[in-house]
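A short reminder: the numbers here are calculations on the coordinates, not readings from a lab. Quantities reported herein were computed from a predicted structural model and do not represent experimental measurements. Here Cβ is always computed from backbone atoms with ideal geometry, including for glycine, and neighbour counts include all displayed protein chains.
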Amino acid sequence: MVIHASVGSGHKSAANAISEALNLLKQEHDQLIPNNLEIETIDILTWGRHKFNGDKAASYFVGATRPIYDLLWRYTFTGRVLWGGGTIWSHIMYAPFTRYIAKRKPIACICTHITAANAAVSARMLCKQNFPIVCVPTDYETEGLWPHLHSDMFCIASEAMAETLRARKVSDARIALTGIPTREDFRLTHDIEQTRKTLQLPSDKTLVLVLAGAAYPTPYLRFRDTLDALMPHVSKLNNMHFIFVAGKDEEYRAHLEQQLKTFSLTNACVFGYVKEMAALMSASNLVICKSGGLTVTECLCTKVPMILVGRAYGQEKINTEMLTNSNAAMHVTTPRELLDVLHYLMTNPHGLDAMLVNGAIIRHPHAARDIAHIALELYHKQRTVPPEVYQSRFAHFYLGHKPAHVR
């Protein structure tokens with residue numbers, strides 16, 4: 001059972017990637033796959049007593065409210081007082097999910113969101129089952145509400161996250177450095193020349209892919225404002241060709257197409273929803289995007305450098321710091337900064353090569369398959385797990401060591 005929460009697209013994308021990996025392992029007759037294995041992907045928010053739209057709720061934390069989210073994400077149970085797990089999540093909200101677990105009796109639960117992980121831990125305690133629970137954070141740091149003491153494994157993206165978890169008394173035996181999971185096509189090699197030819201993109205220019213599409217546009221308002229300010233100057237970047245991706249937002253796609261006409265841009269084009277995004281990323285030389293965990297991971301896997309745009313908060317701030325500290329990306333906060341960086345990279349393409357080399361250190365293209373294997377291995381070895389992991393507690397708080405990273 002792969003469980004996510006529909007709060008932004010990253011958690012769902014990661015869950016779908018893991019489900020896809022499990023299905024592929026099943027088709028390949030992997031020796032760890034049990035007979036008659038069923039793979040189920042669940043949105044935990046559909047199993048609460050009260051239904052709410054997670055994507056819409058997340059869009060409230062933009063503009064003036066962004067610092068509030070930053071405080072909640074960075075400082076809730078991230079000091080010495082920590083959250084271990086408990087049945088409270090079932091008693092308050094997710095009793096229907098607990099009953100479903102009692103009926104289905106999963107062999108393992110892989111969770112890509114804190115709500116999913118806590119609901120799974122709560123259900124396991126109340127149902128007296130002993131299936132393993134694997135936590136998969138989809139950013140480059142772990143927030144404080146993961147059920148630290150009652151999870152079997154944390155599949156993380158960086159060594160810095162391991163340091164954070166050790167300070168929270170999560171042993172190395174329960175930490176695996178796998179990376180963030182992406183779909184199978186993001187780990188494959190794509191024919192760059194063929195992709196450019198198929199999509200009618202120039203082969204003699206630096207391709208700049210601008211990821212501006214979103215199901216809920218509110219978090220992208222400032223990002224899109226920056227792009228609007230850039231538009232009058234795009235024609236001056238004549239050695240570059242810009243690909244603006246609007247996704248399924250038809251209104252924004254029409255806006256971009258009008259911008260191209262207004263400024264008579266011949267070195268730019270607009271795409272809507274792109275099914276073969278991995279191939280398009282692989283064919284690009286540079287991506288301009290926000291610093292969402294899945295987005296930057298897909299860029300790393302397809303070996304394309306990034307310019308991260310906008311003042312980041314919460315997990316996006318951590319993602320930005322990790323990538324810029326590793327020199328795998330550049331970060332700008334204003335349209336003028338963005339234009340300056342583009343001018344620099346146009347005249348100094350070795351800057352792209354440097355980011356590409358540095359990104360190789362933190363690239364984990366096989367993460368989805370590795371996480372699937374870990375969950376299956378835990379299923380086959382679950383009786384070796386310490387009994388305290390399965391101990392039932394209503395709300396388990398505990399004291400940790402000094403935090404590894406100052407927030």
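Pick from 52, 154, 223 the residue whose mean-square fluctuation is largest in a GNM of the chain, springs joining Cα atoms under 10 Å.
52
What is the magnitude of the charge dipole of region 299-397 about its Cα centre, with +1 placed on the Cβ of each Lys and Arg, -1 on the Cβ of each Asp and Glu, and no other charges, expressed in debye to the nearest 20?
Details: 9 positive and 8 negative charges, 61 e Å.
So the dipole magnitude of region 299-397 works out to roughly 300 debye.
In the neighborhood of residue 310, defined by Cβ-to-Cβ distances under 15 Å, what is the net charge if each Lys or Arg adds +1 and each Asp or Glu adds -1?
Local net charge: +1.
Would you mind checking the tilt of helix 114-127 against the longest principal axis of the Cα atoms of the chain, expressed as 0 to 90 degrees and rounded to 10?
20 degrees
Could you list log10 I(q)/I(0) for region 190-362 at q = 0.09, 0.14, 0.17 Å⁻¹, which the Debye formula gives when each Cα is one point scatterer?
The calculated log intensity ratios at q = 0.09, 0.14, 0.17 Å⁻¹ are -0.27, -0.69, -1.08.
Which label belongs to the value computed from this structure, given these candidates for Cα extents along the principal axes in Å: (i) 66, 48, 37; (ii) 119, 50, 39; (iii) 72, 50, 42?
Identified label for the calculated read-out: (i).
For every other residue with a beta carbon closer than 14 angstrom to the beta carbon of residue 256, add +1 if it is Lys or Arg and -1 if Asp or Glu, then tell me the sum.
-2
Expressed as a fraction of 2.2 N^0.38 Å, the rule-of-thumb size for a compact globular protein of N residues, what is the C-alpha radius of gyration of region 279-407?
Relative to the rule-of-thumb radius for its length, region 279-407 sits at 1.42.
Taking the Cα-to-Cβ direction at residue 397 and at residue 248 and moving 7 Å from each Cα, how far apart do the two end points lie in nm?
4.1 nm
Listed highest first by mean packing, meaning other Cβ atoms within 10 Å per residue, what order do 16-22, 312-318, 340-346, 186-192 come in?
Details: 16-22: 24.4, 312-318: 21.7, 340-346: 17.4, 186-192: 15.4.
Those peptides, ordered most packed to least, come out 16-22, 312-318, 340-346, 186-192.
Going by the alpha-carbon gyration tensor, a ≥ b ≥ c the square roots of its eigenvalues, is region 302-351 rounded (a/c under 1.5) or, if a/c is not under 1.5, prolate (a/b greater than b/c) versus oblate?
Because a/c hits 1.5 or more and a/b fails to exceed b/c, region 302-351 counts as oblate.
Students often check this: by mean Cβ neighbours within 10 Å, which of 288-297, 24-33 ranks highest, and how do the rest follow?
288-297, 24-33
Region 250-313 to region 1-34: how many Å between their Cα centroids?
Region 250-313 and region 1-34 have Cα centres separated by 26 Å.
On a C-alpha basis, how far is the centre of region 132-155 from the centre of region 69-91 in Å? Whole number, if you could?
Cα centres, region 132-155 to region 69-91: 12 Å.
Using label points projected 7 Å from each Cα along Cα→Cβ, tell me how many nm separate residue 333 and residue 36, to one decimal.
5.9 nm
Compute the acute angle (0 to 90°) between the alpha-carbon long axis of helix 314-325 and the principal axis of greatest extent of the alpha-carbon atoms of the chain; round to the nearest 10°.
60 degrees
Between residue 49 and residue 221, what is the FRET efficiency for a Förster distance of 41 Å, r being their Cβ-Cβ separation, to the nearest 0.05? Mind dumping the intermediate values first?
Values: r = 33 Å, r/R0 = 0.80.
So, using R0 = 41 Å, E works out to roughly 0.80.
Once label points are set 7 Å from the Cα along Cα→Cβ at both residue 203 and residue 353, what is their separation, rounded to one decimal in nm?
2.2 nm
Gaussian network model of the chain, Cα springs within a sub-10 Å range: biggest mean-square fluctuation belongs to which of 233, 241, 396?
The residue with the greatest mean-square fluctuation here is 233.
With a sphere of radius 11 Å drawn around the Cβ of residue 181, what net charge do the other residues whose Cβ falls strictly inside it have (Lys, Arg +1; Asp, Glu -1)?
In short, -1.
For the chain, take the longest principal axis of its alpha carbons; what is the angle in degrees between that and the long axis of helix 350-359, to the nearest 10 within 0 to 90?
10 degrees
Using helices alone, I'd like the mean residue ellipticity at 222 nm for the chain: each DSSP H run of four-plus residues gives -39500 (n - 2.57), total over residue count, nearest 500. Could you put the intermediate results ahead of the total?
Working: 15 runs with 161 residues, N = 407.
It comes out at -12000 deg cm²/dmol, rounded to the nearest 500.
Can you run phi through the Karplus equation (6.51, -1.76, 1.60; θ = phi - 60°) for region 77-83 and list ³J(HN,Hα) in whole Hz, with x for Gly and Pro?
6, 10, x, 8, 7, 10, 9
Under unit Cβ charges (Lys, Arg +1; Asp, Glu -1), what dipole magnitude, rounded to 20 debye, does the chain have relative to its Cα centre?
1220 debye
Pulled fully out, how much extra length does the chain show between residue 233 and residue 91, if you take 0.36 nm times their separation in residues and subtract their Cα-Cα distance?
Fully extending the segment from residue 233 to residue 91 adds 45.5 nm.
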